Amino acid sequence: MSFINVVGYGSLLSEASARETVPGLEDFRLVRVKNYKRLFNKVGIVFIQRNGYDPENRRVGSCVTRFDPNYEIICSLFRSPEDEFEALYEREHRFKWVQVECTEGNGSVVTGRMCSEYNDVDYRINKCVTESEYYRRVGQHYPGKIWRDDVLPFPIYLKFCLRAAASHGGEVLENFLTTTFLADGITPLKDYILTEPDLAQWQEDEPEYTYKR
């Protein structure tokens, strides 16, 4: 059986979340990826599909990665059976996949595929091809740009990501908090959480987030 190495940095820090889409995954573990940071600058179409679109609500952002040589993020790495990767590709359809080097705990380096930020023009041209496909995937649910610098994290999803990071220990949680930013690419997630009363107590919540309904 052939496998593809997949790197997870948000909800895929949770093995349970990864198994929702890749039930046959193997060797789930933590690695470090240099030269990337996280930010919440992608409109989560799945959030809008489930909750409806309110143009006044900016809290619709999901987590992406952006190349930045000043950061190193702690991620998950797992092996996806080749015949299950297509479902993961569909789940992450609006991202650009990049190949990155991952440093394991013993210092060895392996490569894996990781989702990273894209842009609206290239997404429409290269991933949707036709206007009808774009409408099916995005337009019928949401009329604006997918990649924005003014959205805020979708609260339930953010809490899930925080809990996924925390499940691996304090070092991973701290790395998530200090290498993740809002959509502007400047405001640290750690500072934003402290300003939002419903997020400040995320550790006490049991957010019911799942990719699948």
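To keep it simple, each residue is scored yes or no on (1) under 15 Å from the mean Cα position of the chain (by Cα); (2) modelled with pLDDT under 95.
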residue: D149; (1), (2): no, no
residue: P153; (1), (2): yes, no
residue: V172; (1), (2): no, no
residue: L182; (1), (2): yes, no
residue: T187; (1), (2): no, no
residue: P207; (1), (2): no, yes
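Within the range 98-123, which residues are without any contact (Cβ under 8 Å) to a residue 40 or more places away in the chain, surrounded by 14 or more Cβ atoms within 10 Å (Cβ to Cβ) and part of a strand (DSSP E or B)? The answer is V98, and nothing else. Looking across the range 1-10 at every residue that is touching a helix residue (DSSP H, G or I) at 6+ places or on another chain (Cβ under 8 Å) and crowded, with 21+ Cβ neighbours inside 10 Å, the one that is farthest from V172 (Cα to Cα) is identified as V6. Among the residues of the range 154-186, those that are surrounded by 13 or more Cβ atoms within 10 Å (Cβ to Cβ), of a type outside the set (A, V, I, L, M, F, W, C) and farther than 18 Å from Y36 by Cβ comprise P155, Y157, K159, R163, S167. In the set (1) at pLDDT below 95; (2) buried (at least 22 other Cβ atoms within 10 Å of the Cβ); (3) of a type in the set (G, A, S), the condition left unmet by A18 is number (1). Considering the range 124-148, and only residues there that are among the polar types (S, T, N, Q) and assigned to a loop (DSSP other than H, G, I, E, B), the residue that is surrounded by the fewest Cβ atoms within 10 Å (Cβ to Cβ) turns out to be T130. Taking first residues from the range 51-78 that are touching a residue at least 60 places away in the same chain (Cβ under 8 Å) and partners that are of a type in the set (S, T, Y) and assigned to a strand (DSSP E or B), the Cβ contacts under 8 Å between residues at least 6 apart in sequence or on separate chains come to C63/T180; R66/Y36; R66/S116; Y71/Y36; E72/Y36; I73/Y36; I73/T65.
The single condition among (1) surrounded by fewer than 17 Cβ atoms within 10 Å (Cβ to Cβ); (2) modelled with pLDDT of 95 or more; (3) on the phi < 0 side of the Ramachandran plot; (4) not aliphatic (A, V, I, L, M) that R79 does not satisfy is (1).
The values are calculated or read from the model by the stated rules, or taken from the named source; none is laboratory data. On a predicted model such as this, the values are computed, not experimentally measured, just so you know. Using ideal geometry, Cβ is built from the backbone for each residue, glycine included, and neighbour counts are taken over all protein chains shown.
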